[in-house]
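Below: one structure, written as structure tokens.
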Amino acid sequence: MRHLLLITDSLQASAEVLPSLGLLPYRVRIIPAEPTLLLEAPDCDAIVVDGRRDLASVRSLCRLIRTTGVSTAVVLVVTEGGLAVVAADWGADDVLLTTAGPAEVEARLRLAQGRLALSRDREEPETVIRRGGVEIDEATYSARVDGTALDLTFKEFELLKYLVQHPGRVFSRQQLLLEVWGYDYFGGTRTVDVHVRRLRAKLGPEREALIG
């Protein structure tokens, strides 16, 4: 189930702000429109901001959300009159009328999340390599699997990076020794077996195919 964070001072919460939410498979967490609470806000798939009344305060709130470094889609709920006021510099990713039906709400939330993800991908440095749920950042020498950080030694990182950069290829121990350890390494090929075994254990059975 997906999670939404609804920011509103309404006593009737989502039933009043955006009635269609009650017909969608979202778990809604509600917090009041207090800037100090944003820093402790739980993780969510999207943030819905109640903008039906005090538009000046809502504009400041949306901008504040962006300054906190939140990378979640922000969708603003307004009345028809509010549509004429909302601008791109508010920081909202999309706008919904409070009367929007379930299909429109679902579509706009999904598209707002998708646009934000594409934007992050375009801005991301070329040092990040992705393959099959594995993410490797050459700039920070870090690796993640499905968002979870891997605890790798330097050579484990180099070996994983090399194998992910060459998907589907089969390498001999000697080839990996030369490519990852270098020509000046005088140890035996057994070190390749040891590092491959450790990598498989850290990646788990679902990802071990990435390293042959």
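All conditions but one from (1) within 26 Å of E34 (Cβ to Cβ); (2) of a type outside the set (F, W, Y); (3) out of contact with any Pro (no Cβ under 6 Å at 6 or more places or on another chain) apply to L64; the one that does not is (3). Scanning the stretch 163-190 for residues that are part of a helix (DSSP H, G or I) and in contact (Cβ under 8 Å) with a residue 24 or more places away in the chain returns L163, V164, Q165, V180, W181.
If you go through the stretch 42-64 and keep only what is touching a Leu at 6+ places or on another chain (Cβ under 6 Å) and either among the hydroxyl-bearing types (S, T, Y) or surrounded by fewer than 22 Cβ atoms within 10 Å (Cβ to Cβ) (or both), you end up with just C44.
Among the residues of the stretch 75-92, none qualifies, meaning not one is surrounded by 13 or more Cβ atoms within 10 Å (Cβ to Cβ), in contact with a strand residue (DSSP E or B) (Cβ under 9 Å, 6 or more places away or on another chain) and acidic (D, E). For the stretch 131-151, a residue qualifies if it is modelled with pLDDT of 85 or more and in contact with a strand residue (DSSP E or B) (Cβ under 8 Å, 6 or more places away or on another chain), and the qualifying residues are V134, E135, I136, D137, E138, S142, A143, R144, V145, A149, L150. Collect the residues in the stretch 12-27 that are free of Cβ contacts under 8 Å to residues at least 40 places away in the same chain, part of a helix (DSSP H, G or I) and within 15 Å of A46 (Cα to Cα), keeping them in residue-number order. If the condition is that a residue be free of Cβ contacts under 8 Å to residues at least 40 places away in the same chain, part of a helix (DSSP H, G or I) and within 15 Å of A46 (Cα to Cα), then S14 is the only one that fits.
In the stretch 28-43, the residues that are in a strand (DSSP E or B) form no Cβ pair under 8 Å with any partner that is surrounded by 14 or more Cβ atoms within 10 Å (Cβ to Cβ) and among the aromatic types (F, W, Y), whether six or more places apart or across chains.
All of V48, V70, V58 fail the test of being under 20 Å from G101 (Cα atoms) and among the hydrophobic types (A, V, I, L, M, F, W, C), apart from V48.
Residues in the stretch 7-33 that are in contact with a Gly (Cβ under 9 Å, 6 or more places away or on another chain) and β-branched (V, I, T): V28 alone. In this entry, V75 passes the filter for residues that are under 18 Å from the mean Cα position of the chain (by Cα) and at pLDDT 90 or above.
Screening A41, A46, A13 for residues that are at positive phi and not β-branched (V, I, T) leaves exactly one candidate, A13.
The values are calculated or read from the model by the stated rules, or taken from the named source; none is laboratory data. Since we're looking at a predicted model, the values are computed, not measured. All Cβ positions, even for glycine, are placed from backbone atoms using ideal geometry, and neighbour counts span all protein chains on display.
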